[in-house]
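The values are calculated or read from the model by the stated rules, or taken from the named source; none is laboratory data. Owing to the predicted nature of the structure, the values given are computational and were not obtained by experimental measurement. For neighbour counting, all protein chains shown are included, and Cβ atoms are generated from backbone atoms with ideal geometry for every residue, glycine included.
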Amino acid sequence: MNVQSRLKWPSLFFAFVILAACTATISPEWVNIYNPRADVDPDRLAWLEDMQVDSYGNVVVAASTISANLQARVHDLALVKYSPSGQRLWARDYDLSTAAYSSDDSPAALVLDNQDNAYVLVNQFRRQGEQSSSEGSVLISFDSQGNERWRRLLGENQPMNALTVANSKVYVSGVKTRVYDLNGQPLLSVDHPNHNAQSVTVNINGQILLGGGSATSLLSANGNRLWTRQQADPEYAFGEAIFTMSGDIVATNSLEENGAAQVVRYSAQGQQQWSRNFTAAFQSYGLPGEPMVFEDNRGDLVMTTSSAAGHRVAKLDASGRVVWNTRSRKGIVRDAALKDGELFVVGGGQNGKYNRDGDRLAESEVGGNVQITTGSIAIDGNRLYAGYSAEHNGTFALHLSQFLDR
């Protein structure tokens, strides 16, 4: 499993559009709305940041719980676990402040291991006193009941953005890459200050692939840099990189702030095989989404790039030929997943399903205002989960819905 964090943006709210009649409108099997700690603090806001499905089919959500009361500042980490039927099994909130500093805690990424232990990358704004502050990151592991197992500080003023579990190890990356065993023992630390990675992926040989940050880098299992390729203007950091079934590497990166993106294929040795540029789906001066790329079981590639005005979805074959290219005004894409060659997208409260031919077969909407920087998807067999922060009782709460892929 591989997770890259979504870059934080100011709180912007999205108003929904009417669903088009030409695509099937589907309803969720259930919806669960929950605001951690709102029972003791009605001013609380909940920002859903990431979610994963465990080995029992339960959904684990990582979120921020924030007090809107400026005189009682709270910005803590929250974890919530739901059953496949939508029952809330437990909820925990964590104040990660220490004796050395108080902190605002925002989860950037969540992954689970095969024992259902959770690993959360948390970005912090730390206050050491009235006149001193800094930013930093911390990696924390929790057991399947939400009890803390261990935590590791990852330094100050050094962004950490991406997290994955592979080969019984935990990998976290940003301006450096650190590797831990599942018990939190450090195994490797590699600095790469000129590549602020936004994604990290590991193959069965232990090679570490870093994407986003306008570059692609491949490290050996022991941390030696094999190669780095600059992919786009460093000003545009969104992006990711994946290993293909053939052993090649495919990377995508933003080209402009309006939702344009580039897809590049490299050999395992770092030789560029082809490159394709995609313009923004629609002209926009609003919030851009992160470009994403997936490989299906035939070796074809499916990519998406978006902005607040809409999104583009395209399929390419292994040689880089564009098979089809479609676009939609149904909002930004905050997260996506590929299942059996079909692409599921979520963002702005708009959920959609594209088939292998690029047809938008089905869609749904939350039906109210959502926080536009939120949106996460998780898939477990034929169960599809879409998570947001949505308006509820005058504030914003966690909004989790389940759909069945029929």
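Of note:
- Residue among R178, R152 that alone is touching a Pro at 6+ places or on another chain (Cβ under 9 Å), within 28 Å of A232 (Cβ to Cβ) and modelled with pLDDT of 95 or more: R178
- Any hit, the stretch 271-284, residues being over 27 Å from G375 (Cα atoms), among the hydrophobic types (A, V, I, L, M, F, W, C) and in contact (Cβ under 8 Å) with a residue 24 or more places away in the chain: yes
- The set of residues from the stretch 327-344 being closer than 18 Å to S254 by Cα and not acidic (D, E) comprises R327, G331, I332, V333, R334, A336.
- Scanning the stretch 354-368 finds one or more residues that are over 23 Å from Y236 (Cα atoms), of a type in the set (D, E, K, R) and without any contact (Cβ under 8 Å) to a residue 40 or more places away in the chain.
- Test for L187: is it assigned to a strand (DSSP E or B), surrounded by fewer than 21 Cβ atoms within 10 Å (Cβ to Cβ) and at pLDDT 95 or above: yes
- Residue tally, condition surrounded by fewer than 20 Cβ atoms within 10 Å (Cβ to Cβ) and at pLDDT below 90, over the stretch 232-256: 4
- Inside the stretch 285-308, residues that are under 12 Å from L255 (Cα atoms) and either free of Cβ contacts under 8 Å to residues at least 24 places away in the same chain or touching a His at 6+ places or on another chain (Cβ under 9 Å) (or both) make up a count of 2.
- Hey, V74 closer than 23 Å to Q128 by Cβ, touching a strand residue (DSSP E or B) at 6+ places or on another chain (Cβ under 6 Å) and of a type in the set (A, V, I, L, M, F, W, C) or not: yes
- So A268, is it surrounded by 15 or more Cβ atoms within 10 Å (Cβ to Cβ), part of a loop (DSSP other than H, G, I, E, B) and either basic (K, R) or at pLDDT 95 or above (or both): yes
- Long-range neighbours under 8 Å by Cβ, at least six apart or interchain, first residue over 9 Å from E290 (Cα atoms) within the stretch 247-261, second acidic (D, E): V250/E295; A251/E240; T252/E240; L255/D233
Matching residues to (1) buried (at least 24 other Cβ atoms within 10 Å of the Cβ); (2) polar (S, T, N, Q); (3) within 26 Å of T244 (Cα to Cα):
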position	(1), (2), (3)
T279	no, yes, yes
V302	no, no, yes
H311	yes, no, yes
A318	no, no, yes
R327	no, no, yes
T374	yes, yes, no
I377	no, no, yes
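- Only one entry in V346, V333 is in a strand (DSSP E or B), within 20 Å of T25 (Cβ to Cβ) and under 16 Å from the mean Cα position of the chain (by Cα), namely V346.
- Test: residue in the stretch 282-290 that is in contact with a Lys or Arg (Cβ under 6 Å, 6 or more places away or on another chain), within 25 Å of A378 (Cα to Cα) and assigned to a strand (DSSP E or B): no
- N196 being in contact (Cβ under 8 Å) with a residue 24 or more places away in the chain and closer than 22 Å to V170 by Cα: yes
- A single member of S103, S97, S134 is among the hydroxyl-bearing types (S, T, Y) and crowded, with 19+ Cβ neighbours inside 10 Å, and it is S103.
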